[in-house]
Amino acid sequence: MSATATRPAGPLSLPSHDAYLEGLTPVLTATDVSIDYLVDPPVHAVKNVSLTLHRGEILGLAGESGCGKSTLAYGLNRLLKPPADLASGAVTFHDESGTDIDVLGLSGERLRVFRWDKISMVFQGAMNSLNPVISVKRQLFDVFRTHRPDMPRKQMLAEAQELLRMVGVDPNRLDSFAHELSGGMRQRVMIAMALALRPQVMIMDEPTTALDVVVQRGILREIMRLREQFGFAVVFITHDLPLLLEISDRIAVMLQGEIVELNTAADLYERPQHEYTRRLLASFPSLTGDRGSFIRTGETGGWPDMTDTDQRARRTGSLEVKDLVKDFRVRSGMRSSKFRAVDHVSFTLEPGKTVALVGESGSGKSTVARMIAKLEKPTSGEILLDGEPSASRGVALMRYRNDVQMVFQDPFASLNPFHTVGHHLERPIKIHHRASGREGVEAEIERLLEKVNLNPPREMADRRPHELSGGQRQRVASARALAPGARFLIADEPVSMLDVSIRLGMLNMFARLQREENLGVLYITHDLATARHFSDEILVMYRGQVVERGPSDRVILDPQHEYTKTLLAAAPNPENHGRLREEVRAELARENA
Amino acid sequence: MKYYGRRVAFYAVTLWAAVSLNFFIPRMLPGDPAQILLGKLARNGDVTPAVQKNVELILGGSHEPLWNQYWAYLDNIVHGNLGISVSKYPEPVWDLIKDALPWTLCLVGSATIIAFAIGIVGGAWIGWKRGSAWDHVIPFTAFLQSVPYFWLAILLVYFLGMKAGLAPISWGWDVQTYDHPEWTWASMVDVFQHAVLPALTIILSAVGGWLVGMRNMMVSTLAEDYIVTAEAKGLRPRRVLWVYAVRNAALPSFAGFAVALAFVVSGSLVMEQVFSYPGIGKLLITAVSNADYALMQGCSCSRRSPCSS
């Protein structure tokens, strides 16, 4: 039974979609699956979802956190734990041998044997899905021992080595432990493990989310190649729609436990039917399209009234970073060696301008931010505020912090759960003498909360962090940074932990604040597209050095440095949908010929 | 090399500090054995200077400056000479400790290991079956842990020892039958029986901590991705439990176990007093109540050295 049969009307029966389905045989069918979380009150995480996965197909499952996509995937393999409860529905696995297996009817030993042999999984936590206390080899052997008890040890070893080779990891790494492997290698090992029994279905839950774009691209390519070779079907779950558009055959968009749209990748991109799909697509700024077209879309209220900013607009000055160097001591065993995290970085922040610092994790961009915020001491180099060397202690440091403030990446960790929003703002206002008297302080808190669009401000001030969403928390964190009257804002990946649909709104808020308050903003990110749209200048960092800098459009549209080109090529781009698949197919055809 | 040098220097300083404290603290305690005895003698009549000199010589009261005494003490320690006990005159302190230490080490050491093992295995099981009736074991053991040590011991003596007569209630062996424990089957059984109640006290009061720690670590470990992966891999539940969950969850407990082992010798004081067990704790109590400096110093040294290593 296919999804089209249960839902004859609506976007699911587009002619092109029907044409796509012709000639395909189903491998996994979910019918009317509902999953509840039995808490008080019960949460209906998945509502009557019907979905068919076909042999050899990559089916993308897109949606934001909490939409039920992971819950659905866990349900397909019966991995749900209380309080999650599969309330109703049926899941059928159509085996190669022709027998149909009722997955929900399996239990005990029969379920255990079914898992991994027919459906294997790759989880999001590349870092955490390997057992830290036993070697990669033993974890691979565990799979063989339980499912292929007759396999001789020699063959197990040969198979394990072959698996690692297939995913592009040196077979000598078999004896390694998880902590000895890089993030990308761990995820490759996980994929090797998932392949071990040649399953017919692989469920991948955000398998590349924690990885850098270049590594991510490598892994995706590997998945595509292996899929071509072994013909397994993939359910690929992610919030990253551009990525899905590039690799999937079909995409299902989930919203609040329901699939609101299901279509081939090309059609979903060209002719999105559902309002939510359109909004999701619009949340990803294009790398190559019109610059600025995305600004203004997310924030409510459009551009603010600019009349009261005259006095702030006259602000001048600069924050200059000169030849900043940071060395860290790395201890390995009994020896310690130096590691240069930041290598002679220089740039200038000016009021009213946004500079983006772009790079992968470990490139040193966060260290730069921490040094500017005076949380880390530079090994050498200077930070000049208005041409004066900045202080590192005492009253002078306090004055420096009046002017330079930071917004951190993790809105959940950067607010103290014990204190109200009002308290978080009151402290900097008092410490930096921004207002006096109870009423003065309260008025200032209200002004700040209005500024970051937290309405109604009075009510918001009394809430505690756990009562706020991630986006609201990040707004509080921004208000807190503005509270001392900062002229320069250091924003370290301010939106990377937020849901995609609110990211643009958040960035638009930063853009608005920057205009209203005439701020100088350092926007640190790994996302080239938003860097392009929201900054005037881009600096690309690689291994501690700035390898390329220039006006944002020039850097993105006409990159000079090899590394910038690599980064750009690896970034998912919805306009390239289907390209990766064609590339891989061509590559394999060449190899076979 | 630099690393080991630093560690050795650290331990040397720690040992010196411990040894010095052993010397000074008893001398700050009120009461001087020679003065006490002289006071008693004075009540019965005059004390001649000769008697006074003799008493002071025997009981170690010294008019030497404290500094000189300290040097003499350090010199003796280096040469393994801990002095002569006053309360059990003329036994050398070293011999007394040599007799008492094995009792404590065997009893408290094995009780600690048993408590740890029960805690790890039980905690792993309760954590694995979280939400089941097994969870109710936890508050009960926590209660046992919060009961004062000596009170628990007295309860055991009364109910298991005296009422039920399940086990002997004092001493390390049957002193009426044997002068010393012997290497005979009957004597070893006898020694074992005498150890049952003291060991049970220690196990009951220690197991709760291990149990609760292990259970909580199990619960948080079971939420880890590699556990879900192991289950998705279709491994047998037994293997997931022992190789994937317990091995990771037990790591903090093992760190705590190392610390607990260091306290084996020092944790025995109250228990040995209640059961009149011939261990190092009882020896120390004897020494303190008789102001026997040499014995006190000797006991404290042997109690502190495992802690500082």
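Within the stretch A:222-237, is there a residue that is part of a loop (DSSP other than H, G, I, E, B) and open to solvent by 10 Å² or more (accessible area, probe 1.4 Å)? Yes, because at least one residue in the stretch A:222-237 is part of a loop (DSSP other than H, G, I, E, B) and open to solvent by 10 Å² or more (accessible area, probe 1.4 Å). Close Cβ contacts (under 7 Å, 6 or more residues apart or on different chains) running from residues in the stretch A:83-96 that are within 7 Å of A:S34 (Cα to Cα) and assigned by TED's automatic domain parsing to the domain that holds A:P41 to residues that are surrounded by 17 or more Cβ atoms within 10 Å (Cβ to Cβ) and of a type in the set (G, A, S) comprise A:L86/A:G75; A:A87/A:S34; A:S88/A:S34; A:G89/A:A30; A:G89/A:S34.
To keep it simple, each residue is scored yes or no on (1) under 26 Å from A:V476 (Cα atoms); (2) part of a helix (DSSP H, G or I).
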{"residue": "A:A356", "(1), (2)": "yes, no"}
{"residue": "A:L375", "(1), (2)": "yes, no"}
{"residue": "A:L384", "(1), (2)": "no, no"}
{"residue": "A:M398", "(1), (2)": "yes, yes"}
{"residue": "A:N402", "(1), (2)": "yes, yes"}
{"residue": "A:Q409", "(1), (2)": "yes, no"}
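Here B:Y158 meets the list (1) at pLDDT below 85; (2) open to solvent by 60 Å² or more (accessible area, probe 1.4 Å) almost entirely, failing just condition (1). Looking only at residues of the stretch A:130-149 that are free of Cβ contacts under 8 Å to residues at least 40 places away in the same chain and among the basic types (K, R), we find that the one that is farthest from the other protein chains (Cβ to nearest Cβ) is A:K137. Return yes or no: is B:E182 within 14 Å of chain A (Cβ to nearest Cβ) and surrounded by fewer than 20 Cβ atoms within 10 Å (Cβ to Cβ)? For B:E182, the condition - within 14 Å of chain A (Cβ to nearest Cβ) and surrounded by fewer than 20 Cβ atoms within 10 Å (Cβ to Cβ) - is not met.
State all residues of the stretch A:102-117 that are farther than 16 Å from A:L80 by Cα and away from chain B (no Cβ under 13 Å); if no residue qualifies, say none. Give the derivation first.
Filtering the stretch A:102-117 down to residues farther than 16 Å from A:L80 by Cα leaves A:102, A:109-110, A:113, A:117.
The answer is A:D102, and nothing else.
Once the stretch A:164-187 is narrowed to residues that are within 14 Å of chain B (Cβ to nearest Cβ) and assigned to a helix (DSSP H, G or I), the residue that is surrounded by the most Cβ atoms within 10 Å (Cβ to Cβ) is A:Q187. Screening B:A230 on (1) over 22 Å from the mean Cα position of the chain (by Cα); (2) open to solvent by 10 Å² or more (accessible area, probe 1.4 Å); (3) of a type outside the set (K, R) shows it passes everything except condition (2). When A:S283, A:S293 are checked against the criterion of being modelled with pLDDT under 85 and open to solvent by less than 30 Å² (accessible area, probe 1.4 Å), A:S283 stands alone in meeting it. Within the stretch A:453-492, the residues that satisfy the criterion of being open to solvent by 20 Å² or more (accessible area, probe 1.4 Å) and farther than 17 Å from A:P428 by Cβ are A:N453, A:N455, A:P456, A:R458, A:E459, A:D462, A:R463, A:R464, A:H466, A:E467, A:S469, A:Q472.
Taking the stretch B:219-290 as the region of interest, the helices (runs of 4 or more DSSP H) fully inside it that hold 2 or more residues being away from chain A (no Cβ under 14 Å) are B:251-262, B:269-274, B:280-289.
The values are calculated or read from the model by the stated rules, or taken from the named source; none is laboratory data. Only a predicted model underlies this, so the values are computations on that prediction, with no experimental measurement involved. Using ideal geometry, Cβ is built from the backbone for each residue, glycine included, and neighbour counts are taken over all protein chains shown. We work out accessible area using only protein heavy atoms, side chains counted, and drop any ligands, DNA or RNA first. Shrake-Rupley method; radii C 1.70, N 1.55, O 1.52, S 1.80 Å.
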